[in-house]
1. Would you report the distance distribution of C-alpha pairs in the range B:152-191 as whole percents per 5 angstrom bin, up to the bin with the largest distance?
2. Would you mind telling me which residue in B:GLY16, B:GLY69, B:GLY33 has the biggest mean-square fluctuation in a Gaussian network model of chain B, where springs connect alpha carbons within a distance under 10 angstrom?
3. Quote the charge dipole size of chain B about the Cα centre in Debye, to the nearest 20; the model charges only the Cβ of Lys and Arg (+1) and of Asp and Glu (-1).
4. Over 24 Å between Cα atoms, which of A:LYS280/B:LYS143; A:LYS24/A:LYS79; A:LYS24/A:LYS96; A:LYS109/A:LYS158; A:LYS24/A:LYS176; A:LYS41/A:LYS216 qualify?
5. So what's the angle, to the nearest 10 degrees on a 0 to 90 scale, between helix B:225-237 and the longest Cα principal axis of chain B?
6. Suppose each label sits 7 Å from its Cα in the direction of the beta carbon; what would the B:GLN230-A:TYR64 distance come out to in nanometres?
7. May I ask for the distance between the Cα centers of the range B:61-122 and the range A:182-237, given as a whole number of Å?
8. May I ask for the Kirkwood hydrodynamic radius of the protein assembly as shown, worked out over all distinct Cα pairs and given in angstroms to one decimal?
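Readers should treat all values here as calculations from the given coordinates under stated rules, not as data from a laboratory. In this text, all values refer to a predicted model and were calculated from it rather than measured experimentally. Don't worry about glycine lacking a Cβ; one is built from the backbone with ideal geometry, like all the others, and counts go over all protein chains shown.
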Amino acid sequence: MNSPGLQIRRSSAQMWGGGSGQRKMPVVSKYIDTSTCIGCKACEVACQEWNDLGNVRTVQVGSYQTVPTLHADLWNLIKFNEQTLPDGGFAWLMRKDQCMHCADPGCLKACPAPGAIVQYENGIVDVNPEACIGCKMCETGCPFDVPRYAARTDKMAKCTLCVDRVDVGLEPACVKACPTGCLHFGTKDDMLALADSRVEQLRANGFAQASVYNPKGVGGTSVVTVLSHGDHPEWYGLPKDPHVPTGVRFWKNVLRPVGVIAFAAAFFAMVGHYLTFGPKKPKEGGEKSRGEGPV
Amino acid sequence: MSEVALPGQTKRTGVGDAAVVRAREDEDVVVGGEIVRHRLSSRVIHWTVALFFFVCLFTGLPIWTPLFGWMATLFGGLSVCRWLHPWTGVAFSIATLVMFVHWFSEMKLTDKDREFLTPGGIIRYMRYQGDDSEVGKYNGGQKLLFWAAALGALGLLLSGIVMWFPEPFGNGVRQLSYVVHDIAFILFVAMIIGHIYLGTAAEPGTFSAIVRGTVTKEWARLHHPKWYRQVTGDAKKR
């Protein structure tokens, strides 16, 4: 993959930063309009086919949903929620659940294997199976609960935003398959503009709380989601204010440097002690040492 | 060709090291100019724990930070480390449990030992200004090391299990396990750096206690006078 968009901007477990040094490339984005999704799951099938994923046994969860959550062999899941509204009304909500391709990815932050999770210049966050060690730390780092461990390969797996298609100028498989036009693909600026205009439309049509879900806590996402009930992202299974988890940041930003310094400090304290005090030896005139005298 | 050794004869012909032979089974006994401090089983337990500790350390460090990524090469790469580390952790935990049971009864802290819990007590000891006259087989610092190692191993084991099998646990517990594992291992390593220093360079003659099993009488009189009195006193009675 030599195209400019796929130069690596950021990589997991890099000491001195992993930037390619390339000029800034336009970030690509997927647009999801939950208000025009009909829950047909064509995107699920297209994703399975294009990415050659294994079969997943469906689970009856009491709704039209295929399985309860994302799976190592199912990177794209339409989530269904029957929501009673505060005014007594009812909403049947569907959202395409998948990797959000955060600008500040928690998975990449948590990953200990150099190069196993990368962020390309075009904003796509991808798992490199060759470097992945299957430790599942990215599961903890992800605020959206997306990466899944595949026991078959001992690697992590998640949506790649069809980076292989995008690289050759095609749109992601799910977008290609969507029959209602609720999915679009383009630069992030274009998708945000499209989302804003759709939100205007929704607001004019009685959805006063409609908004674009592009959470700032993770620097924005390369999946731009239009929510009719934008004041309640949790109805769609989205966190209200996602962040890279505190424990992961504390580990990487605080405990790691403190630990390395502590090791060096302990070592040099011992060296300093030896130079200052030297080894412990019996006192001069040792015949009448303390141990033998009267207690 | 040498003559055929009959069972009855070989028993007396070999020139063995009396102290080493005695140190197979017995502890706290005087053999010539030496005192047996750690019998064979004690030493084997110590070095088993140490071996698993260092394998855990060198497989864990490259996962912890890319600064130590080169260590992964020693084991065949990071994937091997990721596989080896938890299993060695299990072995380390078991070895530490055996060590705990083995030494538990000798490691009760006396009031005098509690001085090592204060910074002043540790500083006095490190300045060689402490009053050692009533120090028995283990001083307060050694006993504290024992308890800290046991506690640290427990923390590493529990947090390690969560990291190894994170699925049943909530995200908060997983994050906590990383923090606990990190803090426990950082303190553990700093402690072991001190342990190695005190056992080798700082206090000459100590290392032989855990390799050969014996120490000199002078060493015992200097570092563990009460133990020295007990051991030699017993010896005189015999």
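1. That works out to 6, 29, 33, 18, 9, 4, 1, in percent per bin.
2. B:GLY16
3. 480 debye
4. Working: A:LYS280/B:LYS143 19 Å; A:LYS24/A:LYS79 35 Å; A:LYS24/A:LYS96 29 Å; A:LYS109/A:LYS158 16 Å; A:LYS24/A:LYS176 27 Å; A:LYS41/A:LYS216 29 Å.
Table pairs above 24 Å Cα-Cα are A:LYS24/A:LYS79; A:LYS24/A:LYS96; A:LYS24/A:LYS176; A:LYS41/A:LYS216.
5. Relative to chain B, helix B:225-237 is tipped by roughly 40 degrees.
6. Distance between label points: 7.8 nm.
7. Measuring centre to centre over Cα atoms gives 50 Å.
8. Details: mean 1/r = 0.0360 Å⁻¹.
Final number for the Kirkwood radius of the protein assembly as shown is 27.8 Å.
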